[in-house]
Structures are given as structure tokens and as C-alpha cells.
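First comes the structure, then the notes that go with it.
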Amino acid sequence: MRIVFKTSYDADIRLFKHNAQAFWYILLIAIAILLPFLVSDFLIGEATLVLIWSICGMGLMLLVGQTGQASLGHAAFMAVGAYSNVIYQINFNMPFLLSFPLSGLTAGIAGALVALPTTRLHGIYLAIATLAISVLTEDLIVMLEPITGGVAGLFAPDIEIFGFTFNRYGNPVELYWLVLAITFVVVYAYRNILRSPTGRAFAAVRDSEVSAKAMGVNVARTKMIAFAISCTITGLGGALMGHFATVFTNETFNLIISINLLLIIVVGGLGTIHGAFFGSIVFVLLPLLISVTRDTIGSITGSGSVTIPGLESGIFGALLILFILFEPMGLYGRWLKIRTYFELFPFYRKDMFRRQKSYLKTERTR
């Protein structure tokens, strides 16, 4: 077990805890870059989808896992990012390098406007408010048919950067590398936000708003900043999702997408960047596993492939409930327990990861 002795504030906020950790992450980045040479184009497409969902998951993770604010409406900000990105390119002839960051900024501004009247809400009331926003966004897309295309939707053009074209079907490998580069930038920015005073203010608000106020944190402003940054990241993921889907409508970013985002961060592990990636891998690969299992059982029994309506949704819902009840730290938390067990064996104790109360006695009735 590696023990790090922190002798300065810089050691506490450094990007990597030690050189060994930096080595493993650099190795992971090298594998991600070389992945197209190791697997088929189909799996590269699935890997691209995992990265896009990871970006969206990091957006929600910043709000729910880092700031402690519930949200069931982040699909609306994915829609804002996707629609604004395509509208900027088609109606204003903007290149992707300009429309893409602007789409994230547009989603961030929308999130800040939503946060203004909702910063005083807590728990289920905040979740209901964001849920209503998600439902209203679907109706708003239909009403703004001259701009959004209504129920017919919009067609996302190919991404063009310095004469190079990126398309899901034409050159999936190049699209994967582009999304991977964007993911690196988002992860680096996310990590630096957490190391900044703003990130520490997020954690203070999450742990106790009363204590945060006592330390001089402006809770309302911190929540609004968290909403804005969270929606900006989610909007960037939505813009990439629009290009990946090629065609999207008001039904593409519905309430189910918001629930799926919540599933990703809970199953992956709340409050960690790793959790967004682990949850996205489960969310993307589980339907493939279900499909392969269903076809295998059908071929063995001779009944053919039988489609059960609502099977995937039922499995996702059961998975979410099981993780909340038995492993609230998610997949990343389970990995930490396994790693710690082998590092400390035979001195490992189960009480090391005892579930703690996430509230103070003064905030139980809020």
C-alpha cells in the first residue's frame, strides 16, 4: 500500500497523487488512442458512444455528486446543446470549432437561468422542478418548429475541421479520436475545477449548506455556478450526441434520457470522474449483452429471438435499485474496496467503508 505524506498545499491539490498513478493513467490514455487498431469499427462506434455518455455523465456528476443538487432534467440541456450546435452551423454558417463551444455556452446560460429561481429548492422539490423543465423543453422544441424542425427534427451535418470530415459511418475511427480528444479536455477542465476554490465550495454546499454559509460561501451563487458549469458540459455532450445520432427530434432527448443519466452516475459511483466512465460502459454494453443473451437462449430453445417489451428498462431500473441499496458507492466504490482489501490483507476491516450520514442534525428536516 502506497502512503503519500502531504507536506504542502500543493501536494494536496496536485493532479496525480504520485508518479505510479500518473503512469497508469498515461498507459490508459495510450490504450485509448491505440484502440482503433485493436478492435472492429462496430466496437469503435460503441466506444465513441461511451465517451459521449461519459461527457454527459460528468456534467450531471458535477451537479449531483459534487454539489449535492438533484436533477431529473439534464436531457433538456443535452437538447439545447444539440439543437444550438446544428442551428449555428446551418443558419449562421459557423464552423464546428466555433459552433461547438458556443452550443455548450448556450446550454450553460440556460442552466444559469434555470438556477436563478430554483437555488432555494432542496431535494425532491428541486428534482420536480428540473423534471418539469425537461417536459417543457420537449413541448418548446415542437412549438419552435421554424427553428428546430418540430417533430421532423434536424439533420446534423458532417463535422469539418481544417478540411477533414468526421462522420459516424464514413470514418468512425477519426470521429472516435475527435471525441476522445474532447473527452480529455473535459476531464482535465473538470479535474481542475474540483481542485479550485470553486470546487471546494461545491463540496461544502454538498456536505452542509449551514456550515458552508458559516465559512462565508455564497450558497445561492455557488449553486448557480454549479448549474451553469454542469449544463455547459452536458450541452457539449448533447452536441456530440446530435452528430453521432445524425438525425434527432424532440423525442430524442426525453425524460428517459434524464433517468439514464442518473443511472450512469449512480451505478458508476457518485462524486467521482471514474464513475461517469464506469456507468457509461455499463449503460452502453448492457443492451448488447441482453441482445446476445436473448438470441443465444432463442437459438438453444429453438424459439428464435423473442422480444420482451420493456426488458431493458426493467433491468436498468432493477440495477439502479440494487446499487442504491447494496452498493451506494457504485462500481468505482466497489473497485476501491477490492483494491484496499488486497493492499491491507490480512488487516482489512469492513468498517473502513461504513456508510456515513450525508446530513447534519440541523438539516434533517430540510
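The values are calculated or read from the model by the stated rules, or taken from the named source; none is laboratory data. It should be emphasised that the depicted structure is a prediction, and the values quoted were computed from it without experimental measurement. Every residue, glycine as well, gets a Cβ built from its backbone with ideal geometry; the counts of neighbours run over all protein chains shown. Side chains are part of the model used for accessible areas, which takes the heavy atoms of the whole protein and leaves out ligands, DNA and RNA. Shrake-Rupley method; radii C 1.70, N 1.55, O 1.52, S 1.80 Å.
The table below lists the values:
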read-out	value
Test: residue in segment 295-312 that is of a type in the set (D, E, K, R), under 16 Å from TRP53 (Cβ atoms) and over 11 Å from the mean Cα position of the chain (by Cα)	yes
Count of residues meeting criterion [surrounded by fewer than 21 Cβ atoms within 10 Å (Cβ to Cβ) and either assigned to a loop (DSSP other than H, G, I, E, B) or within 13 Å of the chain's Cα centre (by Cα) (or both)] in segment 209-246	5
Residue that is farther than 26 Å from ASP207 by Cβ, surrounded by fewer than 23 Cβ atoms within 10 Å (Cβ to Cβ) and not polar (S, T, N, Q), where the choices are LEU121, LEU97	LEU97
Of all residues making up segment 249-265, the number that are surrounded by fewer than 24 Cβ atoms within 10 Å (Cβ to Cβ) and under 16 Å from PHE326 (Cα atoms)	1
Residue within segment 247-259 that is of a type outside the set (D, E, K, R), modelled with pLDDT under 95, touching a His at 6+ places or on another chain (Cβ under 7 Å) and assigned to a helix (DSSP H, G or I) present	yes
Flag if ALA30 is open to solvent by 20 Å² or more (accessible area, probe 1.4 Å) and at pLDDT below 90	no
Filter result for PHE283 (buried (at least 20 other Cβ atoms within 10 Å of the Cβ), in contact (Cβ under 8 Å) with a residue 24 or more places away in the chain, outside any helix (DSSP H, G or I) and of a type in the set (Phe, Trp, Tyr))	no
Test: TRP53 is more than 30 Å from ALA212 (Cα to Cα) and touching a Gly at 6+ places or on another chain (Cβ under 9 Å)	yes
One residue from GLY104, GLY45 being in contact with a Gly (Cβ under 6 Å, 6 or more places away or on another chain) and either among the basic types (Lys, Arg) or closer than 24 Å to PHE244 by Cα (or both)	GLY104
Restricting segment 125-174 to residues that are aromatic (Phe, Trp, Tyr) and more than 14 Å from ALA82 (Cα to Cα), the residue that is surrounded by the fewest Cβ atoms within 10 Å (Cβ to Cβ)	PHE162
